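Enquirer: Mind looking over this structure? Questions follow.
The values are calculated or read from the model by the stated rules, or taken from the named source; none is laboratory data. Here the structure is a predicted model, which means the values were calculated and not measured. Don't worry about glycine lacking a Cβ; one is built from the backbone with ideal geometry, like all the others, and counts go over all protein chains shown.
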Amino acid sequence: MVPSSGPVRQRLMTLAWPIIIQFYLFQLTGVVDNLMVGQFGEQTIAALGICLQLNFLVVLCYAALTEGGAVITAQLRGARKHAEIRETLATLLTAGLFTGMAIGALYIVFGESLLALLTTDLFRAPAERSGLPGIGYGYLWIIGLGLPALVIAHVAMYVLQSLGNTRTPMRLALYGNVLNALGNYLLLFGGAIQGVTEPLFPPLGLPGVAIATVLVWLFQAVFMLRAVLRHPAVNARVRDVSGLAWQRLRRILYLGYPLSVDGFLWQGSAFIYTMMFNRVGAEAYAAFLVASIIRGFSLAPGVGLQQAASIALGESLGGRHPQRARAYTAMGIRMVLLVLPLLTLIVALLTPLFLQFYEISDLTRERVIWMVALSVLYSGATALTMIIPGILRAGGDTRAPMVITLIGFAGVGVPVAWYFGLYLGFGLWGVFAGFVADEVVKAVIMVIYLRRETWLRRLA
């Protein structure tokens, strides 16, 4: 029986809106950190930026665990296999704890060398090296101590969301933002109001930001774990979810590793486009960077609806309801194709207002306005490339998005950007054409592949 569109739409919106708000809260955390650290000069800002880049790569490493586990958990919930949900959670938490400890030890022992690798200082003579790795290490070794808590928080969050509870992670993200801002104020500035009062105790600078971040991770790990253990589908104590089921872990990693690879491919493509824009000129890259930041405000509905569709689909497939799964797929695609282009248009109209916060040349300003305006034209393609991977992954087809990502940027985007932007000399707009072609081709391939219904299978 095919469910009516009203309940399907309502279910997707109920799941999606907390994820959308959580997306903006995570963005706000980065903004607050950068604004506060910005008071300490360019070197400190740059050091924090490099550390955050390394953290992002680390999150991609254990995405196989968190996202692979979420796919299986959603289907197990649909199949009402609560004992297997507890076993999956125990496996994820145990593996996550050891993963966090291993990465944390790597940060503490080799952190400065890792940062020097990212800044290329590792390949320079000692006299020519910058001070960024040393400054960044003061932040990184403290972060290393808190990495087990971060991984546990992420594991619990993904499992909780896949069980249909998307509101608790949103609330904890909000509380985390408040604690992060308060911690930064106390530890970064020593509790002083800049230019008004003296510090209550010696300001810790960048290490203070790290301490505040770790405290937030610990808070979120404790309360996220508490929430997932109290969920009716789990209903367990901490000692009930310890231990490692190797066969289940292999299944999780088998489903999840393409998600990590896909993340690295995406990051790699972003790096190559960055190199090409920089080859055209610093002004070209600045325009693309600012346009991407502004355009990012319109992407939250895509993130929310992708995860909502994935959760609802997983439940339907696990419960042997293929018609319901098809209904969620169709409704999710219709909703994202309506909402994301509309929000992109609103952001494009507000771009001149956003640009008042940037000290950039008139030429760069004009380029940003045009790039954001043009993004309205291919926003439908962006919407499809955001939601379809979530649909495919819900049924365990995690490899197709990875392969399509590779085809998009390596087979189309990069060659087009190089040929028109660098070889023919069209500069910024030639490279931008490659970036757009990448997005459009991926969307077309995904739509064609989606019709094969490889995702319409039960894993639980």
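Enquirer: Please go through (1) within 23 Å of the chain's Cα centre (by Cα); (2) under 14 Å from Ser292 (Cα atoms) for Ala373 and return the number of the only condition it doesn't satisfy.
Expert: Of the numbered conditions (1) within 23 Å of the chain's Cα centre (by Cα); (2) under 14 Å from Ser292 (Cα atoms), the odd one out for Ala373 is (1).
Enquirer: Can you tell me which of Ala16, Ala47, Ala83, Ala74 is under 22 Å from Gly144 (Cβ atoms), part of a helix (DSSP H, G or I) and not polar (S, T, N, Q)?
Expert: After applying the criteria, what remains is Ala47.
Enquirer: Now for a different question. Evaluate the following for Ile294: is it surrounded by fewer than 20 Cβ atoms within 10 Å (Cβ to Cβ), among the β-branched types (Val, Ile, Thr), out of contact with any Leu (no Cβ under 7 Å at 6 or more places or on another chain) and in a helix (DSSP H, G or I)?
Expert: No: the conditions fail for Ile294.
Enquirer: Right, something else. If I filter region 106-117 for residues that are assigned by TED's automatic domain parsing to the domain that holds Tyr24, modelled with pLDDT of 90 or more and buried (at least 22 other Cβ atoms within 10 Å of the Cβ), do I get at least one hit?
Expert: Yes, region 106-117 contains at least one residue that is assigned by TED's automatic domain parsing to the domain that holds Tyr24, modelled with pLDDT of 90 or more and buried (at least 22 other Cβ atoms within 10 Å of the Cβ).
Enquirer: Shifting gears a bit: What residue, of Gly413, Gly390, Gly408, Gly380, is in contact with a Gly (Cβ under 6 Å, 6 or more places away or on another chain), assigned by TED's automatic domain parsing to the domain that holds Gly318 and either more than 22 Å from Gln307 (Cβ to Cβ) or in a helix (DSSP H, G or I) (or both)?
Expert: Gly413
Enquirer: Taking the stated definitions as given, is Leu317 touching a Leu at 6+ places or on another chain (Cβ under 8 Å), in a helix (DSSP H, G or I) and either under 19 Å from Thr385 (Cβ atoms) or hydrophobic (A, V, I, L, M, F, W, C) (or both)?
Expert: yes
Enquirer: Sticking with this one: Any idea which residue in region 352-381 is modelled with the lowest pLDDT, counting only those that are among the β-branched types (Val, Ile, Thr) and more than 30 Å from Ile445 (Cβ to Cβ)?
Expert: Ile360
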